[in-house]
There are 2 protein chains.
Amino acid sequence: MLGNFVYSNPTKLYFGDDAIKNLSDELKNYGPRVLLTYGGGSIKRNGVYDDVMAALKAAGKEVIELPGVMPNPTAQKLREGAKIARDNDVDLILAVGGGSTIDYSKGVSVSAWCDEDPWEKYYLRQEEPSCKIIPVGSVLTMVGTGSEMNGGSVITNHEQKLKIGKVFGDNVMPKFSILNPRYTFTVPKRQMVAGFYDIMCHILEQYLSDHDDNTTDYIAEGLMRSLVHSSRIAVKNPEDYEARSNIMWTATWALNTLLKMGKSTDWMVHMIGQAIGAYTDATHGMTLSAVSIAYYRHILDGGVAKFARWAQAVWGISADGKTERELALASLDALKGWMDEIGVATEITSLGVTEDMLDGIARATFILNGGYKVLDHDEIVQVLKESM
Amino acid sequence: MLGNFVYSNPTKLYFGDDAIKNLSDELKNYGPRVLLTYGGGSIKRNGVYDDVMAALKAAGKEVIELPGVMPNPTAQKLREGAKIARDNDVDLILAVGGGSTIDYSKGVSVSAWCDEDPWEKYYLRQEEPSCKIIPVGSVLTMVGTGSEMNGGSVITNHEQKLKIGKVFGDNVMPKFSILNPRYTFTVPKRQMVAGFYDIMCHILEQYLSDHDDNTTDYIAEGLMRSLVHSSRIAVKNPEDYEARSNIMWTATWALNTLLKMGKSTDWMVHMIGQAIGAYTDATHGMTLSAVSIAYYRHILDGGVAKFARWAQAVWGISADGKTERELALASLDALKGWMDEIGVATEITSLGVTEDMLDGIARATFILNGGYKVLDHDEIVQVLKESM
C-alpha cells in the first residue's frame with residue numbers, strides 16, 4: 001500500500017544538447033558573485049568550462065573559482081569551501097561536474113554562514129540547516145548520483161574512516177540544473193559504467209523493499225528496463241547520444257525522491273559501499289556493484305516474491321518451470337550477467353579491500369532497517385567475505 | 001531520441017488518508033480571503049466539505065463560496081467566477097472536486113484581474129496571462145484529469161459548440177494539492193471508470209507517437225501496467241484503498257508533463273472526444289473510450305512497431321508466431337477487452353451522438369499533427385462512423 005507522503009521537487013531542469021543556452025538567462029535570478037566549483041580540470045579539456053564561463057560573462061558575473069573537488073569530497077575540503085564562500089559573500093554556487101561536485105556544493109551552501117563545524121553538524125549529527133543557505137545551480141558532466149535534482153550530499157572523513165550521506169530538504173536542492181548528454185561523452189569508460197551501476201543501485205535500494213503493490217515500483221521497473229537497454233548500447237558506443245541521453249534522464253528520476261514515495265527503502269548496499277569508500281577511496285559505483293550480489297543473496301528469502309517479479313518484469317525471465325525462489329535467484333544471475341557486460345567490479349579485492357579491513361568496514365557501516373532483512377555486524381562481514 | 005526540453009513542476013502534493021491535516025498549515029501561506037469552488041454538492045454528502053471548512057476555519061480564513069461548477073465547466077460560468085473573485089479580492093482559490101472544478105479554478109485565477117473576455121483570450125486565442133494570477137490550491141475528490149499537478153484547463157462553450165483546452169504554465173499550476181484516495185470512494189462507478197479511461201488515454205496520447213527509444217516511454221509502460229492491474233481490483237471493490245491510491249498516483253503522473261518530455265505527442269483522441277463533449281455534454285472519459293479503437297486502427301500502420309511493443313510490454317501478449325502487425329493489432333483487442341472489463345463506453349451512440357452530428361463534430365475537432373498519422377476531416381468522420 002502506498003503510505004502517506006509529501007511530494008515536491010523545486011529543481012528546474014534544462015535538458016538537451018543546447019541546454020547551456022539557458023544558463024545566462026537563469027543566472028539573472030541571482031546576485032553578482034558566483035562561486036564556481038569543479039573537480040580536477042577535465043572540464044577545461046572538454047570545453048564545458050569555456051561554455052560556462054561564456055554564460056557567466058554574458059550575465060555579467062564576478063566569478064570566484066573553487067577547483068579541486070575530489071571524487072570523494074572530504075570534510076576538510078568542505079570547511080575550506082565554506083570559508084571561501086563566506087569570505088567572498090557569494091550569491092550562487094555553480095557546480096560544474098558530477099555528483100561529487102554537486103554534493104560538495106550543497107555542503108558548502110549550508111555551511112558558509114554556519115558557525116558550527118559542518119562535518120559534525122550535518123553529517124555526524126544529521127542536523128538541518130539553521131543559517132542562511134546559498135542557492136546552488138549545476139551543470140552536470142557525469143551521470144549517476146542524481147545529485148542534480150535531489151538534496152543528497154555525501155562527504156568523506158578519511159581520518160575518521162567515515163563516508164556519510166546527508167539528505168537535505170527542498171531548500172538545498174539545486175535551483176536549476178543543466179543536463180547536456182554530450183557533456184558526458186568524455187567521461188572515462190570506467191567512471192561511466194560505475195555511474196550506470198550507481199543508477200541501477202539507486203533504483204534497487206528503493207524497489208527491493210516492501211511487499212505491497214505500488215505504482216512507484218512499476219515506474220522503477222520502467223526505469224530499469226530503459227537503463228539496461230541503453231547501457232548495453234552505451235558501453236559499445238559511448239558517443240551514442242540517444243543512449244546517453246536516456247541514461248542521463250533515467251539517472252535523474254532514479255534518485256529525485258519519486259521512487260521512494262509511499263514505501264520503505266533499503267539502502268544497505270550504499271551503506272556498505274560507503275564504508276568501503278571510506279577505507280579505500282574507491283569509485284562509488286564500483287563499491288556498490290562489488291557487494292550487491294552477496295548482499296542480495298543474504299536478503300532474498302525475505303522478499304522472494306519481489307525478486308521473482310523483478311526477474312520477469314525487468315530481466316524478461318520466464319516463470320515457466322521455475323519455483324518462485326528459482327525465479328528470484330535467476331534475477332541475481334541476470335544482474336551479475338549485466339554487471340559483467342557493462343564491466344563493473346564484482347570483487348572488493350579489485351578495489352583494494354584486504355582481509356584485515358573487513359571488521360573495520362563492517363563497523364563503519366550504518367545499519368538501516370527498511371529492507372527485507374536487517375543484517376548484523378557478523379552478517380555484513382560475511383557479505384564482505386563473499387564479495388572478495 | 002529525447003529532444004531538448006525544460007522540466008519543472010512547482011506543485012506540492014500531500015498524499016494519503018491523513019493528507020487533509022496539512023491543509024490549515026498550507027493555508028497560512030496565503031492571505032485571508034479564500035474562494036471555495038466546488039461542484040454539485042457531493043462534497044457536502046461525503047464529509048469532504050466539512051473537513052475543508054474545518055481547516056479553513058482553523059487557519060482563520062474568510063470563505064467565499066462558489067458552488068455549482070458543472071462537469072464540463074462553461075465559458076459563462078467562468079465569466080461569473082472571475083467577477084466574484086475580483087469583487088471579493090480573493091487571495092487564494094481553493095478547488096474542492098475533480099478535474100472540472102480544478103480546471104475551472106485555473107481559468108478563474110487568470111481571468112479575475114484581466115479585462116478581456118477569458119474565453120476568447122485563453123481558449124479561442126490561446127494567449128498567456130498578462131494580468132495578476134490568483135494562486136490555486138486543490139483538494140482532489142475524483143481521479144483522472146491530472147489537473148491537480150498540471151496547468152491544463154478545459155472550458156466548454158455550448159453556444160459555439162466548442163470545448164477547448166488551454167495548457168497554462170508553471171505560474172498557474174496548483175501551488176498545492178491534497179490527494180486522499182478515500183475521498184474518491186464515493187464517486188459513482190460510471191464516473192470512476194470514466195476517470196480510469198481518461199488516465200489511460202492521457203498516457204496513450206503521449207506514448208503512441210515517435211519511433212524513438214525514450215526513457216519516458218518506459219515510464220509510461222510502468223504507469224499503464226499499474227493502472228490496468230489496479231483498475232481490475234477497483235471495479236470489483238471501489239473501496240480497495242490500495243488500488244484506489246495507486247490509481248490516484250498514476251493519474252497524477254500520467255499528465256503532469258513528465259510523459260511528454262523530449263518527445264512528440266498525439267492528443268487526437270482528446271480533440272475528437274472534446275468535440276463530442278461540446279455537442280453532447282457527455283462524460284469526458286467516455287467520449288475518449290468510445291472513439292479510441294477506431295482512431296487507433298486508423299493510425300496503426302504509421303506506428304506498427306510501437307503498437308507491437310505496447311502489446312508485449314503492457315498487455316503481456318507473446319510475440320510468438322505473430323507478425324509485427326498482428327502483434328500491433330492484438331494490442332487493440334487487449335485495450336478493447338480492458339474497456340469492457342472496467343465498463344466504459346465503446347460506442348458514441350450511447351453518449352447521444354446521432355448521425356446528423358458527425359460532420360459538425362468533425363469540424364469542431366482541432367487537428368493536431370504530432371501522431372503517427374494526421375487525419376483529415378473525412379477521416380475523422382470515418383472514425384466517428386466506425387465508433388457508432
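The values are calculated or read from the model by the stated rules, or taken from the named source; none is laboratory data. Predicted, not measured: the structure shown is a model, and the values here were computed from it. Every residue, glycine among them, receives a Cβ derived from its backbone with ideal geometry; neighbour counts consider all protein chains shown. Accessible surface areas use protein heavy atoms only, side chains included; no ligands, DNA or RNA. Shrake-Rupley method; radii C 1.70, N 1.55, O 1.52, S 1.80 Å.
Counting only DSSP beta bridges whose two residues both lie in the protein assembly as shown, roughly 30 percent are antiparallel. Considering only Cα atoms, the convex hull volume of chain A works out to 124 Å³ per residue. Computed over the range B:19-91, the quotient of the alpha carbon radius of gyration and 2.2 N^0.38 Å is 1.15.
Computed FRET efficiency, Cβ-Cβ of B:Ala305 and B:Asp356, R0 25 Å: what is it to the nearest 0.05? Intermediate results must be reported in sequence, preceding the final value.
Details: r = 39 Å, r/R0 = 1.57.
After rounding, the FRET efficiency stands at 0.05.
Between the amide H of A:Glu65 and those of A:Leu36, distances stay under 5 Å, these residues lying 5 or more places away or on another chain, with hydrogens modeled in the peptide plane.
Averaged over its residues, the range A:19-159 has an accessible area of 37 Å² per residue, based on protein heavy atoms and a 1.4 Å probe. Karplus-based coupling profile of the range A:12-24, in residue order and whole Hz: 9, 10, 10, 10, x, 7, 10, 4, 4, 4, 7, 5, 5, with θ = phi - 60° in 6.51 cos²θ - 1.76 cosθ + 1.60 and x standing for Gly or Pro. In the range B:243-388, Cα pairs under 8 Å separated by at least six residues give a relative contact order of 33 percent. Most simply put, chain A has about 20% antiparallel DSSP beta bridges, counting only bridges with both residues inside it. In the elastic network of chain A, a GNM with C-alpha springs shorter than 10 Å, the most mobile of A:Gly47, A:Gly321, A:Gly303 is A:Gly321.
This model, with +1 at the C-beta of Lys and Arg and -1 at the C-beta of Asp and Glu, gives the protein assembly as shown a dipole about its Cα centre of some 800 debye. Of the options B:Val110, B:Val96, B:Pro188, report the single residue whose Cα projects farthest towards the positive end of the charge dipole of chain B (beta-carbon charges: Lys, Arg +1; Asp, Glu -1). Among B:Val110, B:Val96, B:Pro188, the one farthest towards the positive end of the dipole of chain B is B:Val96. Dimensions of the protein assembly as shown based on its C-alpha atoms, expressed as ranges along the principal axes with the largest first, amount to 83, 64, 48 Å. Applying a 4.7 Å cutoff between beta carbons, the unpaired cysteines of the protein assembly as shown are A:Cys201, B:Cys201.
Proximity of backbone amide H atoms, modeled 1.01 Å from N, is registered between B:Leu162 and B:Asn157 at under 5 Å, excluding neighbours fewer than 5 places apart on the same chain.
Database remark: amide H of B:Ala95 closer than 5 angstrom to the amide H of B:Thr37, B:Gly137, B:Ser138, B:Val139 (H placed geometrically; neighbours at sequence offset of 5 or more, or on other chains; Pro and chain starts carry no H).
Per residue, the solvent-accessible area of the range A:313-353 (1.4 Å probe, heavy atoms of protein chains only, all protein chains present) comes to 46 Å².
Loop-located GluC sites (Glu not before Pro) in the range A:165-269 (DSSP state other than H, G, I, E, B) with a sparse environment of at most 13 neighbouring Cβ atoms within 10 Å: A:Glu239. What separates the A:Gly360 label point from its copies, with the point 7 Å along Cα to Cβ, is 8.3 nm, written shortest first. Given the options A:Val136, A:Asn157, A:Ala59, identify the residue whose Cα lies farthest towards the positive end of the charge dipole of chain A (+1 on Cβ of Lys, Arg; -1 on Cβ of Asp, Glu). The one lying farthest along the dipole's positive direction is A:Ala59. Rounded to the nearest 500, the helix-only mean residue ellipticity at 222 nm of chain B stands at -14000 deg cm²/dmol, with each DSSP H run of n ≥ 4 adding -39,500 (n - 2.57). A dipole drawn for chain B from +1 and -1 charges on Cβ atoms has a positive end, and of B:Tyr122, B:Ser245, B:Ser318 the residue lying farthest that way is B:Ser245. Here the ratio of the Cα radius of gyration of the range B:278-368 to 2.2 N^0.38 Å is 1.24.
Checking every one of the trypsin sites (Lys or Arg not before Pro) in the range B:318-388 against DSSP loop status and a limit of 16 other Cβ atoms within 10 Å picks out B:Lys322, B:Lys373.
The trypsin sites (Lys or Arg not before Pro) of the range B:11-64 meeting both criteria, a DSSP state outside H, G, I, E and B (loop) and at most 14 other C-beta atoms within 10 angstrom of the site's C-beta, are B:Lys28.
A simple spin-label model places the labels of A:Asn369 and B:Arg125 6.3 nm from each other, with each point 7 Å out along Cα-to-Cβ. Only Lys, Arg, Asp and Glu carry charge here, each on its Cβ (+1 for the first two, -1 for the last two); on that basis the range B:65-168 has a dipole of about 280 debye about its Cα centre.
Quick check for me: using +1 on Lys/Arg Cβ and -1 on Asp/Glu Cβ, what's the dipole size of the range B:1-154 about its Cα centre, in debye to the nearest 20?
120 debye
Take every pair of alpha-carbon atoms less than 8 Å apart whose residues are at least six positions apart; their mean separation over the length of chain B yields a relative contact order of 16 percent. For the protein assembly as shown, what % of the accessible area comes from carbon and sulfur atoms, probe 1.4 Å? Its accessible area is 49 percent carbon and sulfur atoms. Whole Å is fine, so just give me how far the alpha carbon centre of the range A:158-192 lies from that of the range B:20-57. Result: 41 Å between the Cα centres.
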